[in-house]
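Below is one structure, written out as C-alpha cells; comments come after it.
The values are calculated or read from the model by the stated rules, or taken from the named source; none is laboratory data. All of these numbers come straight from a predicted model, not from anything done at the bench. Quick reminder, even Gly has a Cβ in these numbers, built from the backbone with ideal geometry, and neighbours come from all protein chains shown.
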2 protein chains.
Amino acid sequence: MADNLIVIHGGGPTAVINSSLYGVLTFAKKDERVGKIYAAKNGTGGLLKEDFIDLTDVSDERLELLKQTPGTAIGTSRDPLEKEDYEKMIDILLKHGIKYVLFNGGNGTMDTCGKLCEACKKLGKDIYVMGIPKTMDNDLAITDHSPGFGSAARYIATSVRELCFDVESLPIHVVVVEASGRNAGWITAASALADKEGRYAPDLIYLPEVPFSEERFLEDVREKLKTKKGIVVVVSEGLSDKEGKPIVKPIFQVGRATYFGDISSHLANLVIKELGYKARGEKPGLLGRASITLQSEIDVEEAILVGIEAVKAVLNGENGKMIALSRNEGNEYGVHTTAVDIKDVMMFEKKLPENFINESKNGVTEDFIKWCEPLVGKIGNEMVSFK
Amino acid sequence: MADNLIVIHGGGPTAVINSSLYGVLTFAKKDERVGKIYAAKNGTGGLLKEDFIDLTDVSDERLELLKQTPGTAIGTSRDPLEKEDYEKMIDILLKHGIKYVLFNGGNGTMDTCGKLCEACKKLGKDIYVMGIPKTMDNDLAITDHSPGFGSAARYIATSVRELCFDVESLPIHVVVVEASGRNAGWITAASALADKEGRYAPDLIYLPEVPFSEERFLEDVREKLKTKKGIVVVVSEGLSDKEGKPIVKPIFQVGRATYFGDISSHLANLVIKELGYKARGEKPGLLGRASITLQSEIDVEEAILVGIEAVKAVLNGENGKMIALSRNEGNEYGVHTTAVDIKDVMMFEKKLPENFINESKNGVTEDFIKWCEPLVGKIGNEMVSFK
C-alpha cells in the first residue's frame with residue numbers, strides 16, 4: 001500500500017516557494033509509492049489542528065499556475081512550537097498514514113524539521129522528514145544559495161537600475177533604497193548587479209555585516225556628490241553600529257515582535273539635516289518577494305528542482321536532511337543537489353563573507369558579482385541617454 | 001529653408017516620457033519642414049544656457065531604445081523662472097533659428113509653456129509653442145488622462161495584487177502601501193484595479209481628496225480585521241485632515257522644498273500603538289514611475305501619439321496649446337487628440353471627481369474602475385490558491 005505525503009510551508013513567502021510546491025506535487029502525483037498528497041493549511045499550525053488540504057487530485061492546469069503565484073498557495077506560519085507539539089504532530093501523522101513529511105522554509109523551519117525528525121527517531125516511528133530550502137534572504141547554511149534569493153535579487157537589481165536612470169535625469173541628490181535582509185546582506189549586495197558598467201548601479205551599498213557609522217555615511221555621500229549630481233544608496237533594513245545596536249531604534253514591542261522605524265527615511269532625513277541636500281527614502285519592502293514579474297527564471301527552475309529532489313529523497317529512505325544546491329565545476333553555471341544533515345543547517349544564519357565586501361566597506365567586490373550573476377539572469381533593458 | 005525645432009522636458013519623469021520623445025523625434029526627422037532637431041539638456045535651464053543636444057541625426061536603432069528607457073534621456077528640470085528669462089529664451093531661440101518649441105511636462109511646465117507663448121506674441125515673434133501632456137499623477141486638466149498615468153497605475157495595481165496574495169498567505173495583519181500623488185488621488189485609486197473580484201485588491205483606500213481622520217482609519221481597520229486576518233491599505237502620500245493640515249507633519253524645510261515623513265510608516269505605527277496589531281508600511285516611491293517592466297502598453301502608444309501630434313500642430317501653425325486626449329464615443333476604448341488652449345491647463349490641478357469615490361470615502365466606485373481599466377491593460381497573472 002502506498003504511503004501518504006504531507007508538505008508544510010514555514011516563514012515568509014518568496015517569489016518561488018510555490019514553484020517548489022509545484023515540484024513536490026507534480027513529482028509526487030506521478031509516483032506510485034505516494035498515496036494521498038496533503039498540505040498542512042497555514043503551516044505547522046494547520047498540521048497540529050489536522051487542517052489538511054488534499055491535493056492528490058489537483059489538475060495539472062491548476063498546478064501550472066503555481067509557478068506564477070506569489071505568496072504561498074497553501075498558507076504558511078511562524079507559530080512557535082513547544083516540545084509536546086512534536087509528539088502531537090507524530091500522532092497526527094500516524095493517524096493519517098503519513099510517512100513522508102516535507103518542510104519548506106528557512107532557518108526556523110529547518111529547526112522544526114530537525115526537531116520533528118529527532119522526536120520520530122526517539123519514538124522509533126517510521127516517518128521520513130525532509131527540508132526544502134527557501135529564503136529570499138539567502139541566509140541558509142551549506143547550500144550555495146537558496147531558492148527565493150535569485151528572484152529577490154533580480155527585483156532589487158532591476159528596480160535600482162531603473163531608479164538610477166531616473167535619478168540621473170532629474171537629480172534628487174540622494175535616494176536611499178531600503179533592501180530586505182535584517183542580518184544578512186545578500187539582497188542589499190545584489191543591487192550592485194543593476195549595471196555591470198556601473199553607471200546605473202548604486203553609488204553606495206551598506207551591508208548589515210559591516211558596523212554602520214552615520215558620520216562615515218555622510219562623508220561617503222558628500223564625497224560622491226562632488227562628482228555626481230544625483231546618487232543612489234542601497235541599505236539593508238537591519239544596519240547596526242559597532243556595538244551591534246540598530247541604527248534605527250526599535251520603536252515598539254508587541255508580544256515577541258520588535259518594530260523598527262524605516263532606515264531609508266531615517267538616512268534620507270539625516271542627509272537633509274546634516275548636509276542640506278535634497279534626499280528621499282524608498283522602501284519596496286514586501287513587494288520585492290511578491291513580484292512574479294521580476295522572478296528569476298533560474299530561481300524558478302531550481303525551486304522546482306529542490307521540491308522534486310525532496311520527494312525523491314524521502315521515497316529513497318533519506319531522513320533528517322535538507323536538499324542543498326551545489327555549483328557544478330567548470331565555467332558554465334549549473335547546479336546539482338545533495339542531501340545535507342539538517343543539524344548543520346538548523347538555526348544557523350549565513351552572512352556575506354568578507355571577500356564579497358569591498359575594501360571601503362560601502363560596496364561589493366567583483367567576486368560577489370561573479371557569484372551572484374548566474375542566479376539572477378537578465379537585468380533590465382538596454383537604455384539610451386542623449387545627455 | 002527648414003526651421004529648427006526644440007524639445008524640452010520639465011518636472012519628474014514618467015515611465016513613458018521618453019516614448020513621447022520618441023514620437024517627437026521620429027516624426028520630426030521625417031518631415032522636410034523641420035531642419036535641426038534640438039533638445040534642451042536638463043530642461044529650461046539648458047535652454048537658458050544654450051546647452052543643446054543635436055538629435056537631428058540620431059539613428060533609428062537608438063530612438064527605438066527610448067521606449068524602454070526610464071527617466072528622461074535628455075534630462076529635465078524644475079528650475080524656477082523669472083519674467084526676464086522668457087525674453088532671454090526668445091533671443092536664444094531666434095539666434096538658433098528655432099521656430100518650433102515643444103514642452104513636455106505637467107502643470108508647472110504648461111505654465112512655462114503658456115508664459116513663453118505670451119511673451120512671443122507680445123514681442124511679435126514668429127515662434128510656435130506647444131505643450132505635450134505628461135504626469136504620472138494624472139492631474140492635468142481638460143485631457144481625459146495624461147501619458148505616464150497608465151503605467152504608474154499599472155505598477156501600483158500589479159504590485160498591490162501580488163502583495164495581497166502574499167498577505168493572505170501569511171497574515172501580517174495590516175500592510176500600508178504609500179502611493180504617489182500628493183494632492184490628487186489617481187494613482188492611489190488605481191490600486192483598486194489589482195483584482196476585479198476584490199479578493200486580491202486593497203481592503204481600504206484613502207485618497208487625498210477626502211479629509212483624513214486617524215480615528216476613522218483605525219475604526220475601518222478594526223472593522224476589516226473582524227472578517228479577515230490580513231489586510232492591505234493603500235494611502236496617498238499627501239493625506240491631510242479636515243483643516244487641510246498634512247497628517248504627517250512637514251519635518252524639514254530646505255530652500256523652497258518641504259520634506260514630509262512617510263505616511264506609510266506613520267499609519268503602520270499608529271495601528272501597532274493603538275490597536276496592538278502587527279503592521280508594516282511599504283513605499284515603492286520613485287520605483288513606480290521608473291518601472292519599464294510594468295509599463296502600460298496603451299500608455300506607451302498614447303505617449304508616442306501626443307508627441308507626434310505636437311510636432312504636427314506646430315508645423316500647422318498652432319500655438320499656445322497643449323495636445324489633449326479625448327475618448328472616442330462607443331463602447332470600445334480609443335482616443336483622439338485635440339489641441340486645447342494652454343491657458344485652460346496652466347497650473348490647474350485636476351482631482352478625482354466625487355463619482356469616483358465610494359460612499360464610505362475609503363475606496364473607489366465602479367465608475368472609476370471602468371474609466372481606469374483601459375488605460376492600464378493586463379494586471380498580473382492568474383493565480384491559484386488551495387486554501
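Structure values in brief
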item	result
Of all residues in the range B:319-346 being hydroxyl-bearing (Ser, Thr, Tyr) and either assigned by TED's automatic domain parsing to the domain that holds B:Trp186 or closer than 27 Å to B:Tyr100 by Cα (or both), the one that is surrounded by the most Cβ atoms within 10 Å (Cβ to Cβ)	B:Thr337
Index of the failed condition, A:Lys351 passing every other in (1) modelled with pLDDT under 95; (2) in a loop (DSSP other than H, G, I, E, B); (3) among the charged types (D, E, K, R)	(1)
Members of the range A:281-316 that are facing chain B (nearest Cβ under 8 Å), touching a residue at least 60 places away in the same chain (Cβ under 8 Å) and more than 18 Å from A:Gly12 (Cβ to Cβ)	A:Gly281, A:Glu282
Failed condition for B:Pro246, given (1) free of Cβ contacts under 8 Å to residues at least 24 places away in the same chain; (2) out of contact with any Leu (no Cβ under 9 Å at 6 or more places or on another chain)	(2)
Test for A:Asp299: is it crowded, with 24+ Cβ neighbours inside 10 Å and in the same structural domain as A:Thr72 (by TED's automatic domain parsing)	yes
Selection count where residues are of a type in the set (Phe, Trp, Tyr) and either in a strand (DSSP E or B) or over 23 Å from the mean Cα position of the chain (by Cα) (or both), scope the range B:19-49	2
Within the range A:121-139, considering residues that are modelled with pLDDT of 95 or more and hydrophobic (A, V, I, L, M, F, W, C), the one farthest from A:Ile17 (Cα to Cα)	A:Ile127
Conditions (1) in contact (Cβ under 8 Å) with a residue 24 or more places away in the chain; (2) more than 22 Å from A:Cys372 (Cβ to Cβ); (3) facing chain B (nearest Cβ under 10 Å); number of the one not met by A:Asp241	(3)
Residue tally, condition within 7 Å of chain A (Cβ to nearest Cβ), closer than 19 Å to A:His266 by Cα and among the small types (Gly, Ala, Ser), over the range B:264-280	1
Single unsatisfied condition, B:Met383 versus (1) of a type in the set (A, V, I, L, M); (2) touching a strand residue (DSSP E or B) at 6+ places or on another chain (Cβ under 8 Å); (3) within 14 Å of chain A (Cβ to nearest Cβ)	(2)
Candidates A:Gly185, A:Gly198, filtered to the one that is more than 30 Å from B:Ala39 (Cα to Cα), among the small types (Gly, Ala, Ser) and within 27 Å of the chain's Cα centre (by Cα)	A:Gly185
Residue in the range A:215-230 that is more than 14 Å from chain B (Cβ to nearest Cβ), buried (at least 18 other Cβ atoms within 10 Å of the Cβ) and not in a helix (DSSP H, G or I) present	yes
Selection status of A:Gly108, closer than 16 Å to B:Ser169 by Cβ and touching a residue at least 12 places away in the same chain (Cβ under 8 Å)	no
The listed residue being buried (at least 24 other Cβ atoms within 10 Å of the Cβ), out of contact with any Leu (no Cβ under 6 Å at 6 or more places or on another chain) and not in a strand (DSSP E or B), out of B:Ser151, B:Ser159	B:Ser151
Residue within the range A:311-327 that is assigned to a helix (DSSP H, G or I) and under 20 Å from the mean Cα position of the chain (by Cα) present	no
Top-ranked residue of the range B:28-66 - restricted to ones that are in contact (Cβ under 8 Å) with a residue 60 or more places away in the chain and surrounded by fewer than 19 Cβ atoms within 10 Å (Cβ to Cβ), ranked as nearest to the other protein chains (Cβ to nearest Cβ)	B:Lys36
Filter result for the condition that a residue is modelled with pLDDT under 95 and either more than 14 Å from chain A (Cβ to nearest Cβ) or in contact with a helix residue (DSSP H, G or I) (Cβ under 9 Å, 6 or more places away or on another chain) (or both), over B:Lys321, B:Lys343	B:Lys343
Residue under evaluation B:Thr188, criteria (1) surrounded by fewer than 21 Cβ atoms within 10 Å (Cβ to Cβ); (2) over 24 Å from A:Tyr259 (Cβ atoms); (3) polar (S, T, N, Q); (4) in contact with an Asp or Glu (Cβ under 9 Å, 6 or more places away or on another chain), criterion not met	(1)
Meets criteria (touching a Ser or Thr at 6+ places or on another chain (Cβ under 8 Å) and assigned by TED's automatic domain parsing to the domain that holds A:Ala339) for A:Thr109	no
Selected residue (only one of B:Val167, B:Val176 is crowded, with 24+ Cβ neighbours inside 10 Å, part of a helix (DSSP H, G or I) and not aromatic (Phe, Trp, Tyr))	B:Val167
Extreme residue, farthest from the other protein chains (Cβ to nearest Cβ), among residues of the range B:3-18 that are in a strand (DSSP E or B) and more than 18 Å from A:Ile172 (Cβ to Cβ)	B:Asp3
Answer from B:Ser191, B:Ser151 - the residue that is without any contact (Cβ under 8 Å) to a residue 60 or more places away in the chain and within 14 Å of chain A (Cβ to nearest Cβ)	B:Ser191
Looking only at the range B:168-200, and only at residues there that are acidic (Asp, Glu) and touching a helix residue (DSSP H, G or I) at 6+ places or on another chain (Cβ under 7 Å), the one that is modelled with the highest pLDDT	B:Glu178
Selection from the range A:67-102 of residues that are assigned to a loop (DSSP other than H, G, I, E, B), in contact (Cβ under 8 Å) with a residue 40 or more places away in the chain and more than 14 Å from chain B (Cβ to nearest Cβ)	A:Pro80, A:His96, A:Gly97
Top-ranked residue in the range B:251-263 [being at pLDDT below 90, at the interface with chain A (Cβ under 8 Å from one of its Cβ atoms) and crowded, with 17+ Cβ neighbours inside 10 Å; ranked as farthest from B:Arg216 (Cα to Cα)]	B:Tyr259
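For every residue, the table says whether it meets (1) touching a Gly at 6+ places or on another chain (Cβ under 9 Å); (2) surrounded by fewer than 22 Cβ atoms within 10 Å (Cβ to Cβ); (3) more than 30 Å from A:Tyr206 (Cα to Cα).
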| residue | (1), (2), (3) |
| --- | --- |
| A:Gly276 | yes, yes, no |
| A:Gly281 | yes, no, no |
| A:Leu286 | yes, no, no |
| A:Ile308 | yes, yes, yes |
| A:Ala313 | no, no, yes |
| A:Phe348 | no, yes, no |
| A:Asn355 | no, yes, no |
| A:Thr365 | no, yes, no |
| A:Ile369 | no, yes, no |
